[in-house]
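The values are calculated or read from the model by the stated rules, or taken from the named source; none is laboratory data. All of these numbers come straight from a predicted model, not from anything done at the bench. Here the Cβ positions follow ideal geometry from the backbone for every residue, glycine too, while neighbour counts run over all protein chains shown. Ligands, DNA and RNA are stripped out before the accessible areas are found, and what is left, the full protein with its side chains, is counted by its heavy atoms. Shrake-Rupley method; radii C 1.70, N 1.55, O 1.52, S 1.80 Å.
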Amino acid sequence: MLPNEFVFSQNNLQKFIDCKRLFYLEEIEHLEWPAIESEPVKIQEERMAAGSRFHQLCSQYLLGIPEELLGKTIDSDEVSRWWNSFLKLELKPSPDVFPEKAITVPFGDFRLTAHLDVLIKQSDDIYLIYDWKTNQHLPGRVTMQNRLQTLVYPVVLHKFLDFSHRKNPPTITMIYWYPEFPDKPHKFQFHHEDIKCNQQDLEKLITEISSSNSDDFVMTDNEKQCQICPYRSFCNRGVKAGEISEMDLLERPTILV
């Protein structure tokens, strides 16, 4: 049911895991169903704007714009607090630091894409991926370990750099860093065998999706997910949007970057 040019990502793969019906409605039917995800809307919009601004500041700084100039553009106490925490990481602009690195690679009959907030080449053998998460609550380590993003990003990077001919493939470390919890990052290290296993898991998942028919895309049994889904009324799973606190409790980040 998927066109040959379909591009898989951590975002749409996670939707399939969370709710196959959600994937079908959004990625195959392209259904426009503009219901809000959570209440109050104003707070959600403010969180999204703050998260977007923080990502922009980090990218501009790592591209070489002076810290002093960027600091003068911040008009939010929250973003200012996050910015000051970021500076304490002591990341610096460098030819080996690549902010907002978008990578798309062939993957079976389709393509697989990743948008890395920051890619750092520490040496020929060590690569770091930083991902900024502006959550108001800190997700558990196991939760983040099981997110599709944790599988997809190292696999995409590994295929992009093509270490198939190297005797000693490098180590890739995925770091989720939370400006609200700067001393509690989640770090996951991947060696060649780890990435090979993750790649096989992703291949199986994509094969399952691509070989499914419309009846296979069933609704989730976890109706809590429906409270923050814009398609909930279409699926007869409620009309009123859930509270924004429910989005946090479900550990579904408001900022999906």
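Quick notes
- Reciprocal mean inverse distance between Cα atoms of region 1-132 - Kirkwood radius, Å: 17.7 Å
- Taking every full run of DSSP H in the chain, the ones that stretch at least 30 Å from end to end by Cα along their long axis and average -1.0 or higher on the Kyte-Doolittle scale are 41-62.
- Restricting the calculation to Cα atoms, region 97-173 shows an Rg/Rh of 0.99 when the hydrodynamic-style radius is the Kirkwood one.
- Note on region 37-97: semi-axes of the ellipsoid equivalent to its C-alpha gyration tensor, largest first and rounded to whole Å, are 25, 12, 9.
- For the residue pairs K20/K184; K15/K92; K88/K184, alpha carbon separations beyond 23 Å are given by K20/K184; K15/K92.
- Between E5 and Q145, the simple spin-label model (points 7 angstrom out along Cα→Cβ) gives 4.0 nm.
- Residue order by solvent-accessible surface for C19, C197 is C197, C19, largest first, with ligands and nucleic acids left out and a 1.4 Å probe.
- Take every pair of alpha-carbon atoms less than 8 Å apart whose residues are at least six positions apart; their mean separation over the length of the chain yields a relative contact order of 27 percent.
- Cα-centre dipole for the chain with unit charges at Cβ (Lys and Arg positive, Asp and Glu negative), debye to 20: 420 debye
- The Stokes-Einstein estimate for region 50-200, based on a Kirkwood radius over Cα pairs and taken at 20 °C with 1.002 mPa s viscosity, is a diffusion coefficient of 131 µm²/s.
- For region 88-166, the relative contact order works out to 26 percent when only alpha carbon pairs closer than 8 Å and six or more residues apart are counted.
- The Kirkwood hydrodynamic radius of region 121-234, based on inverse pair distances between different Cα atoms, is 16.6 Å.
- Given 14 as the ceiling on other Cβ atoms within 10 Å, longest exposed-site-free region of the chain for trypsin sites (Lys or Arg not before Pro) in DSSP loops: 89-165
- Reducing region 58-87 and region 167-201 to their Cα centroids gives an inter-centroid distance of 26 Å.
- Spin-label pair L63/F181, simplified geometry with 7 Å Cα→Cβ offset, distance in nm: 3.1 nm
- Contact order for region 149-210, expressed relative to its length and based on alpha carbon pairs under 8 Å spaced 6+ residues apart, stands at 37 percent.
- Among the GluC sites (Glu not before Pro) within region 198-228, those in coil by DSSP and having at most 16 neighbouring Cβ atoms inside 10 Å are E223.
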